[in-house]
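This report concerns only the one structure given below.
The values are calculated or read from the model by the stated rules, or taken from the named source; none is laboratory data. These numbers come from a predicted model, not from an experiment. Here Cβ is always computed from backbone atoms with ideal geometry, including for glycine, and neighbour counts include all displayed protein chains. The accessibility values were calculated without ligands, DNA or RNA, using every heavy atom of the protein model including side chains. Shrake-Rupley method; radii C 1.70, N 1.55, O 1.52, S 1.80 Å.
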Amino acid sequence: MSDAFASILGQPQVRDFLRSSVKSDHVNHAYLFAGPSGSNKTQAAYAFAQAILCPKGASGPRGGACGSCDNCSRVRRKTHPDIHFYQPEGAGGYLVEQVREIVSDVALAPIQASRKVYIIDRVDLLNRAAANAFLKTLEEPPDDVVLILLGRTRDSVLPTIASRCQVVPFRHIPPSEAAGIVSQNTGASIEQSRQAMEACSGSITNAIAFLKARGNERMFFRSELLGMLSRIDSMDDWQLLMEARGIVEKSKAPLDTLRAQQEEELARNQDFLAKSAIRKIEERNKRRLSSETSGYLKQALSIISSWLRDVAMICSGTSELVINDDARAQMEALAPYADIVRISEALRQVDEAKESLDYNVSPETCFDVALMKVREVFDGAGSTS
């Protein structure tokens, strides 16, 4: 018997509460998982969903999931047709049309399991108009539906939403503890674990996946990116444009495997699912591909931000705080030409590039602008090298 909740790393109280809820068959219709970025909320939601949908979840000795049935297998691969994950699609948060789609879908019967689970990320970005469209469903969903809402804090979520949910608080996991958890689950060194955490914006689950990627491809990508940054002072505009395109292409490379898995899953389902159900799966697959694409691109930008912060640490005489220690020599060579004010401006530009990706701005354009700004940090270095 596998324990689905073992993947909820760094949150023992949450793990025990959710396990107990499934074991005692006291699963509520709506939950608000409230905690800071990197506190493992999304992984906890999927673990909870797996235990809820597994036919043996409540009967297991630990209230987990069997780990071997078709439901469990599909949840692990994030291809289960009865688990729906949503993120804000509008520039300012959730669109009313997006929420109406959720409300409409909730009314439909499950495709494979006995229940359906909706994981709705960043509900703190649910404005009043979108929330109003959602309230009735949240208050009285069908008996076979469980809604799991994810937000940064309870106070950041509209009171009309929070009051209709069982609130599950997630604690902040200190960086040193988080790196230890990543190291323990991957066998990587603490230094590599910290580097993966930086690349993944503090997410323990994503950092573990980063380090466990096939052929160590994500760490290799990181090394290539850091190598490019060490030469950025001597690049002309055309070279920067080519580098930006290369980063985008390499960031998307892992999606080929995901796309193949999705196509294989659809092929297996074609013979026994209705056309409407197939369309739902195709829509879910498209959303996941879009989300994964954005995630990989943001990893690249996070690596750039981490490198810039390290250069700033060297410039300020606090080099003991450097995270990317494997690139220290190159950063120390560039640091004398850097300007702290320009580093701050470049960091701001990289953050803006991350936000622009959410607004469907061309990734190439985002990286073009970001790399141009990073090069400005070292104005004058290329002419003396």
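Any idea which of ARG342, ARG375 is at pLDDT 95 or above and more than 16 Å from ARG231 (Cβ to Cβ)?
One residue alone meets the criteria, ARG342.
For the stretch 215-234, how many residues are in a helix (DSSP H, G or I) and basic (Lys, Arg)?
2
Looking at the stretch 44-66, which of its residues are surrounded by 21 or more Cβ atoms within 10 Å (Cβ to Cβ) and modelled with pLDDT of 85 or more?
ALA44, ALA45, TYR46, ALA47, PHE48, ALA49, GLN50, ALA51, ILE52, LEU53, CYS54
How many residues are open to solvent by less than 50 Å² (accessible area, probe 1.4 Å), under 25 Å from ARG122 (Cα atoms) and part of a helix (DSSP H, G or I) if we restrict to the stretch 161-214?
14
If you take the residues in the stretch 85-111 that are open to solvent by 40 Å² or more (accessible area, probe 1.4 Å) and of a type in the set (Asp, Glu), which one is nearest to LEU53 (Cα to Cα)?
GLU101
Can you name every residue in the stretch 211-251 that is among the basic types (Lys, Arg) and without any contact (Cβ under 8 Å) to a residue 60 or more places away in the chain?
Once the filter is applied, which keeps residues that are among the basic types (Lys, Arg) and without any contact (Cβ under 8 Å) to a residue 60 or more places away in the chain, the stretch 211-251 yields LYS212, ARG214, ARG231, LYS250.
Answer yes or no: is there a residue in the stretch 126-141 that is loosely packed, with under 15 Cβ neighbours inside 10 Å, touching a strand residue (DSSP E or B) at 6+ places or on another chain (Cβ under 9 Å) and either without any contact (Cβ under 8 Å) to a residue 40 or more places away in the chain or part of a helix (DSSP H, G or I) (or both).
yes
So that you can scan it fast, the table gives a plain yes or no per residue for (1) charged (D, E, K, R); (2) touching a Leu at 6+ places or on another chain (Cβ under 6 Å):
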position: GLN13; (1), (2): no, no
position: VAL22; (1), (2): no, no
position: ASN28; (1), (2): no, no
position: PHE48; (1), (2): no, yes
position: LYS56; (1), (2): yes, no
position: CYS72; (1), (2): no, no
position: VAL75; (1), (2): no, no
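Could you grab me the full set of residues in the stretch 284-326 that are outside any helix (DSSP H, G or I) and either open to solvent by 10 Å² or more (accessible area, probe 1.4 Å) or at pLDDT below 95 (or both)?
SER316, GLY317, THR318, ILE323
In the stretch 228-250, what residues are among the hydroxyl-bearing types (Ser, Thr, Tyr) and within 16 Å of TRP307 (Cβ to Cβ)?
SER230
Scanning the stretch 1-41 for residues that are hydrophobic (A, V, I, L, M, F, W, C) and in a loop (DSSP other than H, G, I, E, B), which turns out nearest to CYS69 (Cα to Cα)?
Checked the stretch 1-41; the qualifying residue nearest to CYS69 (Cα to Cα) is MET1.
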